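Trainee: One structure follows; several queries about it will come next.
The values are calculated or read from the model by the stated rules, or taken from the named source; none is laboratory data. Quantities reported herein were computed from a predicted structural model and do not represent experimental measurements. Here Cβ is always computed from backbone atoms with ideal geometry, including for glycine, and neighbour counts include all displayed protein chains. What goes into the accessible areas is simple: the full protein's heavy atoms, side chains included, and nothing from ligands, DNA or RNA. Shrake-Rupley method; radii C 1.70, N 1.55, O 1.52, S 1.80 Å.
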Amino acid sequence: MDVTFHRNFSPETDGNSGINRLEATPQMPITLEYPVGLTPFHHLHLAMFSGKGGVGKTTLSCGFARAWAQQFPNERVLLLSTDPAHSLGDVLQMTVEDSPHPMPNLPNLQVRALDAQRLLADFKNRYGKVLELLVERGSFVQGEDLSPVWDLSWPGLDELMGILEIQRILRDQEADRVVVDMAPSGHTLNLFGLMDFLDEFLKALDLFQEKHRVISESFGGRHQRDEADDFLIEMQEDLRTGRELLQNSDRTACLIVAIPEPMSWCETHRFLDALLTLNIPVGGIFLNHWLPADSAVDRRVEQQHLLEKFRAIAPSPLFCIPQQNNEPVGAEGLDRLMAQLVTAPDSVGEVTPEQRSFQLPPIYAPGFEDFVTAGRRLVIVGGKGGVGKTTVSAAIAWGLAARHPDQSVRIISIDPAHSLGDAYGTLLQHEATAITANLSGQEVDAEKILQQFREDYLWELAEMMSGETGSDDLRVAYGPEAWKKIVSQALPGIDEMLALITVMELLESGEQQLIVLDTAPTGHLLRFLEMPTALGDWLAWIFKLWLKYQDVAGRVELMGRLRTLRKRVMDAQKKLKDPAYTEFIGVVQAQSPILAEAERLTQSLKEMAIAQRYIVHNRYEVGYEIPAEQFCQQSIVRLAQLPRLIPAGNGYADAPLGQVQIAASLLFNLSSG
């Protein structure tokens, strides 16, 4: 049914709420309310949209930026994406690059997607020499040996360059108002966490400089302030003002986008708690894909329940955006969407879950082959945020464990914003938890892996870089305090490297017949798949450095362990590229931005020599097909919309586990349970 909304421009308004009325056409007899413009956010200068992947962050940030530009025609509005796999261009239907471009019909609105590599090059040109100088002053390494570091892949590069560039834009007043389309919640928290990392990193660099100051005073009588001192003062001031900006509720807010589904509520709840800990102000929650009154009964029952749960955790205000029959893309579609922004109702009305027969969704051919019988050891499930990766991953693991009760199957979430436990309706932690007799699950805790990685390699590497040898006669620097300060920090974005190590260890142990990976959204998935090359390059640089300075550095045994680590990493890379060993499965829904991103992911996988034979078309509806030519080298597996309420006595558990069981039966044609 086409749902058409129109504004009622009658002079009657609600004097208390200051809102116009938004009425539905006669075929949909409900009346909704929406604010006049975006009044609750007029005071903001920085609006950051985030939330669980796939809930509509990009769409709403684009619509919000357009609304601001129209409401403030004399102000400069900048729409910015920090997501490495952004889809601004797909939603706006225009070319989006790292340089800002105005929207054709809104010249005061400029759009930009950050290019982390270009920003790093600019950062190197501006600060590279002084950073190399500081590290040289804190170690035995000469500055010329540090230059290759800039060409290596950095964990957290997207987040680091993003936070520095946002601070610069606001500091230099390049825009009056900035709207940021953030990465999904887990990686958004990484970006915010960079403030603490940078604070400690600058303290470590200051220790390097302090050594130089003391030496200068000892041998020359005084220390002459130089470019390193200026750099540290400038960066510390930028960090201070940046932190104040991000935590200033008079100017800044994180606007959380969610949908009325259980897994979205769970992630939103955790996200809110984390933002509170970081002192990041929350401006409100936008409940996207709000269902009309004539929707299926099971969806409406669930929506009513979730409305109450969202209201319990939501900072004011709480908005709803009606489900759209057509994709809200382009200027007209986005403006129409924002006109439908509604204040959340107290309830969805009288909802009675009437008795009706329970039917499984239909099974569509083709389905998956039996990956265990085919000899696969690793299944990686990926795609854009919110397309259903976690449900599909959970269903694959469940289905294969049920089909092979004598084989051990492990499912692992490597997304920093874990929702795998939500899918199974159970608490999962870093240590593996039994889900069934032969199926176990875990959600990787990056900090726990990092602590072990420090014990195995990093503490000793820090001592080596500082010149600490354990002998007073060979002490080159004051000691490893500054380097240990750096190593003690978890660089946001290092999750992918640590996840790789976890998967490597499990594959090497041979304890699991099959491992299924529930991954982060596309941009960070690609970072995980690129990590063997990146980590191998870093280790190669360390070996080259050690060969030059081995007489001073020592640490022969450490170098032996690092060589073994590099060999393990290279072996893992070979397994990722072996189609007999690894199965990559993409997940999509029939929406143009999702399909465009999936095409880019497929091309990236091809360039990385990683085979992809399957695409799951999730929430498939008859008549909404994916063009076969769009993914001509993959089999498209269609998975129908899963029921929201599962009556007892049908052989399935309650939702959400029951949905996973049903999905497994559809994908593998299994009997219930």
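Trainee: Leaving out ligands and nucleic acids, note down the accessible area per residue over the stretch 251-397 with a 1.4 angstrom probe, in whole Å². Let's see the in-between values first.
Mentor: Details: 5760 Å² over 147 residues.
On a per-residue basis, 39 Å².
Trainee: Please state the charge dipole magnitude for the stretch 261-332, taken about the Cα centre, from unit charges on C-beta atoms (+1 on K and R, -1 on D and E), reported in debye and rounded to the nearest 20. Don't skip to the answer; put the middle values down first.
Mentor: Numbers: 5 positive and 9 negative charges, 51 e Å.
For the stretch 261-332, the charge dipole is close to 240 debye.
Trainee: Moving on to the next point. What whole-number value in Å² describes the accessible area per residue of the stretch 610-673 for a 1.4 Å probe?
Mentor: Numbers: 2850 Å² over 64 residues.
Each residue of the stretch 610-673 exposes 45 Å² on average to a 1.4 Å probe.
Trainee: Under a point spin-label approximation (7 Å from Cα along Cα-to-Cβ), what is the D273-E217 distance to one decimal in nm?
Mentor: Simple spin-label model gives 4.7 nm for this pair.
Trainee: What accessible area per residue, rounded to a whole number of Å², is obtained for the stretch 45-159 using a probe radius of 1.4 Å? Please report the intermediate quantities before stating the final value.
Mentor: Working: 4250 Å² over 115 residues.
Accessible area per residue, the stretch 45-159: 37 Å².
Trainee: Hey, another quick one. Using only protein heavy atoms and a 1.4 Å probe, report how much of W150 is accessible, in Å² to the nearest 10.
Mentor: Rounded to the nearest 10, the figure is 20 Å².
Trainee: Next question. Sorted by accessible area with a 1.4 angstrom probe, largest first, how do C632, C62 fall?
Mentor: The residues order as C632, C62, largest area first.
Trainee: Rounding to the nearest 20 debye, state how big the charge dipole of the chain is about its Cα centre with +1 on each Lys and Arg Cβ and -1 on each Asp and Glu Cβ. Provide the component values of the computation, followed by the final result.
Mentor: Values: 59 positive and 89 negative charges, 168 e Å.
Its charge dipole is roughly 800 debye.
Trainee: Can you tell me the orientation of helix 227-246 relative to the chain, as the angle in degrees between its alpha-carbon axis and the longest Cα principal axis, to the nearest 10?
Mentor: Roughly 20 degrees, rounded to the nearest 10.
Trainee: Test of understanding: extend the Cα→C-beta vector of R403 to 7 Å, then name every residue of the stretch 611-627 with backbone N under 16 Å from that spot.
Mentor: Flagged as within label range: 613-616.
Trainee: Hey, what angle do you get for helix 116-137 against the long axis of the chain, alpha-carbon based, 0 to 90 degrees rounded to 10?
Mentor: Compared with the principal axis, the helix lies near 30 degrees.
Trainee: Pull up all non-local amide H partners of I435: gap of 5 or more, or a different chain, and H-to-H distance under 5 Å with H placed in the peptide plane.
Mentor: Those lying under 5 Å, H to H, from I435 are S440, G441.
Trainee: Using θ = phi - 60° and the Karplus form 6.51 cos²θ - 1.76 cosθ + 1.60, what ³J(HN,Hα) does each residue of the stretch 280-290 get, whole Hz, x for Gly and Pro?
Mentor: Result, rounded to whole Hz: 8, x, 9, x, x, 10, 10, 8, 8, 6, 5.
Trainee: Leaving out ligands, DNA and RNA, and with a 1.4 Å probe, what % of the accessible surface on the stretch 99-241 is carbon or sulfur?
Mentor: Working: 3140 of 6120 Å².
Of the solvent-accessible surface of the stretch 99-241, carbon and sulfur hold 51 percent.
Trainee: Rounded to the nearest 10 degrees, what's the angle between the helix 157-171 long axis and the longest principal axis of the chain, both from Cα atoms, 0 to 90?
Mentor: Roughly 90 degrees between the two axes.
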